[in-house]
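What follows draws every value from the coordinates through simple rules; no lab data is involved. As the structure is a computational prediction, the values presented were derived from the model and not from experiment. As a convention, Cβ positions derive from the backbone with ideal geometry for all residues, glycine included, and neighbour counts pool all protein chains shown.
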Amino acid sequence: MAALLSEQYEETCLWQDQVTPPAPTPGDLPPSADLVVVGAGLCGLAAAAVGARAGLTVVVLDKEPLGWGASSRNGGMVIPELKAGPGRLQQRYGHLGLEMFRQVNEAYDYVADLTSTEIDCDFREAGLLLLAHSPFQTSAVEHEAADLTAHGEPAHFLRRQQLVTEIGSRAFSAGMLLERTGGLHPAKFHAGMARRAMAAGARVHDRTAATHIAGRSGRHQVMTTRGPIDAREVFIATNAYADDVLPWLRRRTTPVSSYIIATEVLDRELLRSVTPTGRMMVDTKNFLFYWRSTPDGRIAFGGRRSLDPVDVPTARDFLYDAMLRLHPQLTGTAVDYAWGGNVALTLDRMPHAGCHDGIWYATGCNGSGVATNTWLGARVAETITGQAELPAVARLRHRAVPLATLSSSYLPLVSRWFSWQDSR
Ligand SMILES: Cc1cc2nc3c(=O)[nH]c(=O)nc-3n(C[C@H](O)[C@H](O)[C@H](O)COP(=O)(O)OP(=O)(O)OC[C@H]3O[C@@H](n4cnc5c(N)ncnc54)[C@H](O)[C@@H]3O)c2cc1C
């Protein structure tokens, strides 16, 4: 179905349209720095602030304009999640699994704390509704709620009739409410993180790509499109936009697109009929939908139909159709914005961080990095400055993704398999 578009419809990101990012540091690149961070998203900026506060000279580079990346164009859901619950993590990784579960909750606390003490970005602990898209998923959702509760995370299983007060949709057979999930305004949060890093003393240079890193541990030369910088330490925080600045890292993620539409501002009653409690909402499919109300009273509805990239109008029409099937009360509601961005998938669907050949990195959000990647950036910088140890995910084996080279022939097959599973 073709989406109904408003007169002011734009193929741009709602959040970015509402916020002007801070001006980057003026002037030339310095010839040297203690720490060069590649990537000015949440991960790189969190690292920069830690490094600068510890007294390092820090330079952050981004090849795009500041505020362009996934960090200011996401769904704004702050979720303490890995792609498996604590029980499955423990089964798969033993004690390390529980440590990773504890740290992803630490990541959530870290962002929640930043938003209450340092960065004003409309954060609200709204709670997450995980919605069973078919009756086959009901027992899995019930099990997940029990598993989380047993591990100290308040989660409640909700039967179909209990969902009535949580969501205005008859499409779901059951759900789970996870209390510790928040919603924020992504572009405000990202701009706040950039200001915070610069206030700590970090220099942030955008439109400057790192192209190559020469030398290894101890002394590196970071080649950039604006000249070289000598660096004692280098941290790569490029997530889904990884390129050949560190080919080893690029081979360990597959970039996959995700898209979001934002409706026009809704009448209060209509908005309440969709989301009476203002939860963050996600369903249980492989190709999941995620949606929420925005601070200015719209519905932002995101997802993807397959692993292949499509153009924004195609994704927009697909999402609009899906939104109306879940919430028929939105029939006649127009779309003001549609946009997309990339998330980084790893082979084991876990985030990774560590040090390869003397170069630090954190990557692999697997669609959920507002909390995790921010915290990983801070934690890696704490490791560099001797304040902490690498996060638990650094102990995972970090394997290359064969799909990164086979993607054009392989991804459509994986997509079809996921879609078939989702249709059950
Ligand atoms: C549409 C969408 C919806 C999402 N929704 C959610 C959500 O609701 N909740 C959630 O937790 N997560 C969500 N995510 C994921 C989340 O946005 C990311 O995990 C997070 O922003 C990653 O932050 P980052 O700093 O690691 O990477 P990014 O913000 O992507 O920053 C990486 C930066 O590296 C730069 N770069 C790359 N190569 C170079 C180079 N050679 N030189 C210089 N710069 C370089 C890029 O320009 C980019 O700005 C979503 C993502 C998308 C795209």
Original post:
By how many degrees, between 0 and 90 and to the nearest 10, does the Cα long axis of helix 42-53 differ from the longest principal axis of the chain?
Top reply: 40
Original post:
Roughly how tilted is helix 186-199, in degrees to the nearest 10 and between 0 and 90, from the longest Cα axis of the chain?
Top reply: 20
Original post:
Loop-only check: which chymotrypsin sites (Phe, Trp or Tyr not before Pro) in region 1-101 are DSSP coil with at most 11 other Cβ within 10 angstrom?
Top reply: none
**OP:** For region 147-181 and region 247-307, compute the distance between their C-alpha centroids and round to whole Å.
**Re:** 18
Subject >> Per residue Cα convex hull volume in Å³ - calculated over region 258-372 >> reply: 129
Original post:
Across all directions of projection, what mean area in square nanometres is found for the Cα convex hull of the chain?
Top reply: 19.3
**OP:** Please tell me the relative contact order of region 57-172 in percent, rounded to the nearest whole number, where contacts are Cα pairs under 8 Å and at least six residues apart.
**Re:** 20
Original post:
In debye to the nearest 20, how big a dipole does region 255-334 give about its Cα centre with +1 on each Lys and Arg Cβ and -1 on each Asp and Glu Cβ?
Top reply: 260
Original post:
Considering only DSSP beta bridges with both partners in the chain, what is the antiparallel share in %, to the nearest 5?
Top reply: 65
Original post:
If contacts are Cα pairs under 8 angstrom and at least 6 residues apart, what is the relative contact order of the chain in percent?
Top reply: 25
**OP:** Hand me the GluC sites (Glu not before Pro) from region 1-97 located in a DSSP loop with no more than 14 other Cβ atoms within 10 Å, in residue order please.
**Re:** GLU11
Original post:
Rounded to whole Å and sorted largest first, what semi-axes of the equivalent ellipsoid does the C-alpha gyration tensor of region 344-384 yield via the square root of 5 times each eigenvalue?
Top reply: 18, 13, 6
**OP:** Would you work out if region 1-134 is rounded, prolate or oblate? Take a ≥ b ≥ c from the square roots of the eigenvalues of the alpha-carbon gyration tensor; rounded if a/c is under 1.5, else prolate when a/b is larger than b/c, oblate otherwise.
**Re:** oblate
Original post:
Farthest toward the dipole's positive end in region 7-81, which of VAL38, ALA54, VAL78, given Cβ charges of +1 (Lys, Arg) and -1 (Asp, Glu) about the Cα centre?
Top reply: ALA54
**OP:** Run down the aspartates and glutamates and flag those whose C-alpha is under 12 Å from the C-alpha of LYS285, throwing out any fewer than 8 positions away in its chain.
**Re:** ASP422
**OP:** Specify the inter-centroid distance of region 218-240 and region 36-67, based on alpha-carbon positions, in whole Å.
**Re:** 11
Original post:
Roughly how many debye, to the nearest 20, is the charge dipole of the chain about its Cα centre, given +1 on each Lys and Arg Cβ, -1 on each Asp and Glu Cβ, and no other charges?
Top reply: 980
Original post:
Between region 336-391 and region 320-334, what's the alpha-carbon centroid distance in Å?
Top reply: 35
Original post:
Using 0.36 nm per residue, how much length does the chain from ASP311 to ARG395 gain when fully extended, once their Cα-Cα distance is taken away?
Top reply: 26.5 nm
**OP:** Please go through region 99-205 and write out the trypsin sites (Lys or Arg not before Pro) that DSSP classes as loop and that have at most 12 other C-beta atoms within 10 Å.
**Re:** ARG170
Subject >> Cross-link reach list, aspartates and glutamates versus LYS63, counting only Cα pairs under 12 Å and skipping chain neighbours closer than eight places >> reply: ASP206, ASP243
Subject >> Amide H contacts under 5 Å for HIS212, placed H, 5+ residues apart >> reply: MET223
